[in-house]
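The values are calculated or read from the model by the stated rules, or taken from the named source; none is laboratory data. This structure is a prediction, so every number in the text was calculated from the model and none was measured. Heads up, the Cβs are rebuilt from the backbone with ideal geometry, glycines too, and the neighbour counts pull from every protein chain shown. Quick note on the areas: whole protein, heavy atoms, side chains included, nothing else; ligands and nucleic acids left out. Shrake-Rupley method; radii C 1.70, N 1.55, O 1.52, S 1.80 Å.
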Amino acid sequence: MGTRIILALDVDSKTRAISHVLTLKNDVALFKVGKQLFTRYGPSVIRQVQQAGGKVFLDLKFHDIPNTVALACREAVRLGVNMLTIHATGGGSMMKAAVESVQKASCEFKKRRPVILAVTVLTSISNDMLKNELRCGLDIQDQVAWLAHLAQKAGVDGVVASPEESVLIRKACGESFMIVTPGVRPEWADKHDQKRVMTPLEAVKAGADYVVIGRPVISHSDPLLAVRMINKELGVKSNCGR
Ligand code: C5P
């Protein structure tokens, strides 16, 4: 496997985003465009990331009635994104509608079928909130494992999961189910607001196929060096010398 890094393009300017893509495109797998960048610039930012040579992970976490999510997924396919997210709490029928729509749209637009990831329980939700505020009967670990299983049954390719959740998801969903893990911090990086972090290597050992990393790279004085240090930790050779 090549690089496992997904770079979170959490910046407020398109110029900065594209500059990161140009610098890092050979050393990271995908660039995550989230709600901030997308709401500011719309689809044009996706096209520009692609034109600069980057693959796009569109992280808009779709959650709506099945028809609406299916139509949004269709547009994401038309844009040629490589990965996208939906909420598992939209239910099995919503997830199935997303999977079918992506399949159909990929044929229609002659695009590679993007990977669909489900978000189970947001990591900002605690066990106490889940039970007492949202009135969910299950413990958070069981809820995460259940939603991952439901996503897999609906044909979704994988989940976004915190480092601690990966082990139980691997157990519940097997080896071929993709796990993408944020909240990852190399030893040398600041934790920022992330509470429960693992190093990239620990996250991969816990089951992550990809790690999502933002500030340790984009706030580093030398983002390419930061990415290469992480790749080295994960046993990936640099694509070119420097
Ligand atoms: O800068 P940092 O490495 O903390 O960025 C992590 C990225 O992953 C951010 O875009 C954040 O929104 C996202 N993310 C997260 N925790 C989750 C889901 C997504 O940090 N549970």
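Yes/no per residue for (1) in a helix (DSSP H, G or I); (2) touching a strand residue (DSSP E or B) at 6+ places or on another chain (Cβ under 6 Å); (3) farther than 25 Å from L30 by Cβ; (4) of a type outside the set (D, E, K, R):
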| site | (1), (2), (3), (4) |
| --- | --- |
| M94 | yes, no, no, yes |
| E100 | yes, no, no, no |
| K104 | yes, no, no, no |
| R113 | no, no, no, no |
| I125 | no, no, yes, yes |
| M129 | yes, no, yes, yes |
| N132 | yes, no, yes, yes |
| C136 | no, no, yes, yes |
| Q143 | yes, no, yes, yes |
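Quick one: count up the residues across region 187-223 that are over 18 Å from the mean Cα position of the chain (by Cα) and under 23 Å from K25 (Cα atoms).
Of the residues in that region, 7 qualify.
Residue under question is L147, and the condition is that it be out of contact with any strand residue (DSSP E or B) (no Cβ under 6 Å at 6 or more places or on another chain) and away from the ligand (no atom under 14 Å from the Cβ); does it hold?
The answer is no for L147.
Does region 106-114 contain any residue that is within 16 Å of the ligand (Cβ to nearest atom) and hydroxyl-bearing (S, T, Y)?
For region 106-114, residues within 16 Å of the ligand (Cβ to nearest atom) and hydroxyl-bearing (S, T, Y): absent.
Would you be able to say whether some residue in region 3-13 is within 16 Å of the ligand (Cβ to nearest atom), small (G, A, S) and in contact with a Lys or Arg (Cβ under 6 Å, 6 or more places away or on another chain)?
yes
I'd like to check which helices (runs of 4 or more DSSP H) are fully inside region 151-242 and have at least 1 residues that are closer than 27 Å to D12 by Cβ, open to solvent by 20 Å² or more (accessible area, probe 1.4 Å) and within 15 Å of the ligand (Cβ to nearest atom).
In region 151-242, the matching helices (runs of 4 or more DSSP H) lie at 215-218, 223-233.
Checking L138 against (1) more than 16 Å from the ligand (Cβ to nearest atom); (2) farther than 26 Å from S176 by Cβ; (3) without any contact (Cβ under 8 Å) to a residue 12 or more places away in the chain, only one condition comes out false. Which one?
The failed condition is (2).
Quick one: what pairs do we get from region 59-82, first residue within 14 Å of E100 (Cα to Cα), second within 16 Å of the ligand (Cβ to nearest atom) and modelled with pLDDT of 95 or more, C-beta under 6 Å, 6+ apart or different chains?
V69/F62; A72/F62; A76/L58; A76/L84
Taking the residues in region 48-75 that are in a helix (DSSP H, G or I) and within 23 Å of T3 (Cβ to Cβ) as candidates, determine which candidate is least open to solvent (accessible area, probe 1.4 Å).
Residue satisfying both the conditions and the ranking: V49.
If I ask for residues that are within 16 Å of the ligand (Cβ to nearest atom) and open to solvent by 50 Å² or more (accessible area, probe 1.4 Å), which ones from region 14-37 would you list?
Answer for region 14-37, where residues must be within 16 Å of the ligand (Cβ to nearest atom) and open to solvent by 50 Å² or more (accessible area, probe 1.4 Å): R16, K35, Q36.
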